[in-house]
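A quick write-up on the structure given underneath.
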Amino acid sequence: MDDIFGEADVIFKYTRKQALEDGVLVDISELAKEAGIKFPVAVTQGVFSVLNETSSPGQDLKGRAWDLLMVFRMTAKSSKGDEIHFAPLFVMPGNPMAKPVRMWAKCGPGDEMEPCVTIMLEGED
């Protein structure tokens with residue numbers, strides 16, 4: 001940490017590993033690998049809640065996560081930056097029509113400076 005902050009003492013540090021252990025982030029890296037994404041992927045609890053909203057027959061967490069990852073992957077392929085915005089379509093409770101759910105993703109360094117992706121709802125940091 002001295003390299004980043006010079007000689008200042010670090011007051012608080014919260015690692016990606018801790019966020020995953022605490023459930024603040026949910027690891028979906030295995031499914032992401034199947035979808036052709038080479039970096040580890042985690043989603044926030046907000047995104048995970050959307051993925052769990054299975055209000056229609058035939059929907060499940062894995063299927064909705066797959067849809068999310070496909071839209072993410074296609075959007076990321078045409079992006080040049082480390083941040084993208086996208087909106088997969090999901091059927092939500094009380095509405096039989098699919099609606100876009102606005103999300104964004106950031107590719108940045110993990111705890112060991114390895115590349116990793118975090119997918120969030122718009123408005124989440």
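The values are calculated or read from the model by the stated rules, or taken from the named source; none is laboratory data. Bear in mind the structure is a predicted one, so any value in this text is a computation, not a measurement. Every residue, glycine among them, receives a Cβ derived from its backbone with ideal geometry; neighbour counts consider all protein chains shown.
Per-residue answers, yes or no, for (1) out of contact with any helix residue (DSSP H, G or I) (no Cβ under 7 Å at 6 or more places or on another chain); (2) without any contact (Cβ under 8 Å) to a residue 40 or more places away in the chain:
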{"position": "A42", "(1), (2)": "no, no"}
{"position": "V47", "(1), (2)": "yes, no"}
{"position": "L51", "(1), (2)": "no, yes"}
{"position": "G58", "(1), (2)": "yes, yes"}
{"position": "A65", "(1), (2)": "no, yes"}
{"position": "M74", "(1), (2)": "yes, yes"}
{"position": "K77", "(1), (2)": "yes, yes"}
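Suppose we keep only residues that are in a loop (DSSP other than H, G, I, E, B) and free of Cβ contacts under 8 Å to residues at least 12 places away in the same chain within region 84-101. Which one would you say is surrounded by the fewest Cβ atoms within 10 Å (Cβ to Cβ)? It comes out as M97.
If you check L25 against the conditions, is it closer than 20 Å to G123 by Cβ, crowded, with 16+ Cβ neighbours inside 10 Å, touching a Lys or Arg at 6+ places or on another chain (Cβ under 8 Å) and modelled with pLDDT of 95 or more? Judged against the criteria, L25 is a match.
For G36, the conditions (1) over 17 Å from G23 (Cα atoms); (2) assigned to a strand (DSSP E or B) all hold with the exception of (2).
Just for region 30-71: of the residues that are of a type in the set (S, T, Y) and surrounded by fewer than 14 Cβ atoms within 10 Å (Cβ to Cβ), which one is nearest to A87 (Cα to Cα)? Of everything passing the filter in region 30-71, S49 is nearest to A87 (Cα to Cα). Of the residues in region 60-74, at least one is at pLDDT below 95 and in a loop (DSSP other than H, G, I, E, B).
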